[in-house]
Amino acid sequence: MSKRKNNHSNDQLEVFTDTSVLFNFALDVQQHRADELLVHHECIVVASDTVKREFEGVMERRQRIHTQLLPYIKRNEVQHFEPENPDSLTPNDWGYVQDFRDTLSELKPAEAAHRVQERNRQLKQGYREIFEFDSPYVILVQVPSRDASLLGNLSGIVQNDADARILCDAVEWRRDGGSGLFLTSDTGDMLADTAEDENESEESSELPDSFVSFLSGDSRSLPQKINDAIQRRYDECCYLDIHSIDSFLDQY
């Protein structure tokens, strides 16, 4: 990957990242501009140990999926692949299985096997660059103990328990002096569907995206719901300024 950043200075902007951004970088998902963020931008990207552990867990599950895929590739039966121990996989894992299976099924066996090996290489190299190099792209910060009440509030908003824990860490980081800027690529659990949704006012006549939200009269965007949950435990000073990679780079 690209040239590393220079040493950090005290006046650089700090941003807290979730795991999805780091996987975009490791797997070279260029349309999300993760490389531009981690390698070239002057900000300092920070994360908690929770983010690192989630990255490690997802990487291990991906590597097991890759190992299980190889016999199907050899038999030219990728389209029939079903992972072992399916109960251990998250919804995101299943989405990955489906997308990768569809991609590999269009390739010849030798090329498909090479693609799997390349994916493993990307994950290992990305992990080293993000966390282990002498000048890693992500700085791990220590955060206070997770607040159980806040975790309960956020768990009612985001469906992924790991996301709720990471959001808690980001709030504690902000309370400890962090900027409150939070980056994610998770459109399912943390981002509004569109920029218009993010700016939608309470007076908007638009129907909510979710039928459940429609029945309850709740037309708030996901970031608004997250910050309202934070406010129920703390106050507005602890809000997170939640961005996609694109919106952060366009604004900063």
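The values are calculated or read from the model by the stated rules, or taken from the named source; none is laboratory data. Note that the structure is a prediction, hence the values are computed from the model and not measured. With ideal geometry, Cβ positions are generated from the backbone for all residues, glycine too; neighbour counts draw on all protein chains shown. For the accessible areas, the whole protein counts, side chains as well, though only heavy atoms, and no ligand, DNA or RNA atoms are used. Shrake-Rupley method; radii C 1.70, N 1.55, O 1.52, S 1.80 Å.
Annotations for the structure displayed:
Yes or no, residue by residue, for (1) outside any loop (DSSP other than H, G, I, E, B); (2) at pLDDT below 80:
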{"residue": "Leu151", "(1), (2)": "yes, no"}
{"residue": "Ile157", "(1), (2)": "no, no"}
{"residue": "Asp163", "(1), (2)": "yes, no"}
{"residue": "Leu167", "(1), (2)": "yes, no"}
{"residue": "Val171", "(1), (2)": "yes, no"}
{"residue": "Gly177", "(1), (2)": "no, no"}
{"residue": "Asp189", "(1), (2)": "no, yes"}
{"residue": "Leu207", "(1), (2)": "no, yes"}
{"residue": "Ile230", "(1), (2)": "yes, no"}
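- Residue satisfying condition, being closer than 22 Å to Val29 by Cα and in a loop (DSSP other than H, G, I, E, B), within set Tyr137, Tyr127: Tyr137
- Residues located in segment 29-64, provided they are of a type in the set (S, T, N, Q) and either in contact with a Leu (Cβ under 8 Å, 6 or more places away or on another chain) or closer than 21 Å to Thr90 by Cα (or both): Ser48, Thr50, Gln63
- Restricting segment 54-63 to residues that are open to solvent by 40 Å² or more (accessible area, probe 1.4 Å) and touching a Ser or Thr at 6+ places or on another chain (Cβ under 9 Å), the residue that is farthest from Gln12 (Cα to Cα): Arg61
- Positions within segment 64-77 being open to solvent by 10 Å² or more (accessible area, probe 1.4 Å) and in a helix (DSSP H, G or I), in sequence order: Arg64, Thr67, Gln68, Leu70, Pro71, Tyr72, Lys74
- Residues in segment 35-51 that are under 22 Å from Ala164 (Cα atoms) and either crowded, with 23+ Cβ neighbours inside 10 Å or in contact with a strand residue (DSSP E or B) (Cβ under 9 Å, 6 or more places away or on another chain) (or both): Val45, Val46, Ala47, Ser48, Asp49, Val51.
- Test: residue in segment 82-94 that is within 22 Å of Leu22 (Cα to Cα) and assigned to a loop (DSSP other than H, G, I, E, B): yes
- Figure legend. Inter-residue proximity from segment 227-239: first residues within 10 Å of Leu150 (Cβ to Cβ), second residues of a type in the set (Val, Ile, Thr), beta-carbon distance below 8 Å, spacing 6+ or different chains. Indicated pairs: Ala229/Ile157; Ile230/Val171; Tyr234/Val171; Cys238/Val171; Cys238/Ile230.
- Among residues of segment 12-28, those that are more than 17 Å from Asn92 (Cβ to Cβ) and buried (at least 21 other Cβ atoms within 10 Å of the Cβ), counted: 2
- When Leu89 is tested against (1) modelled with pLDDT under 95; (2) hydrophobic (A, V, I, L, M, F, W, C); (3) within 14 Å of the chain's Cα centre (by Cα); (4) open to solvent by 10 Å² or more (accessible area, probe 1.4 Å), exactly one condition is not met: (3).
- Among the conditions (1) part of a helix (DSSP H, G or I); (2) open to solvent by 50 Å² or more (accessible area, probe 1.4 Å), the only one that Phe100 does not satisfy is (2).
- Meets criteria (at pLDDT below 95, under 30 Å from Gln12 (Cβ atoms), in contact with a Ser or Thr (Cβ under 8 Å, 6 or more places away or on another chain) and surrounded by 12 or more Cβ atoms within 10 Å (Cβ to Cβ)) for Val143: yes
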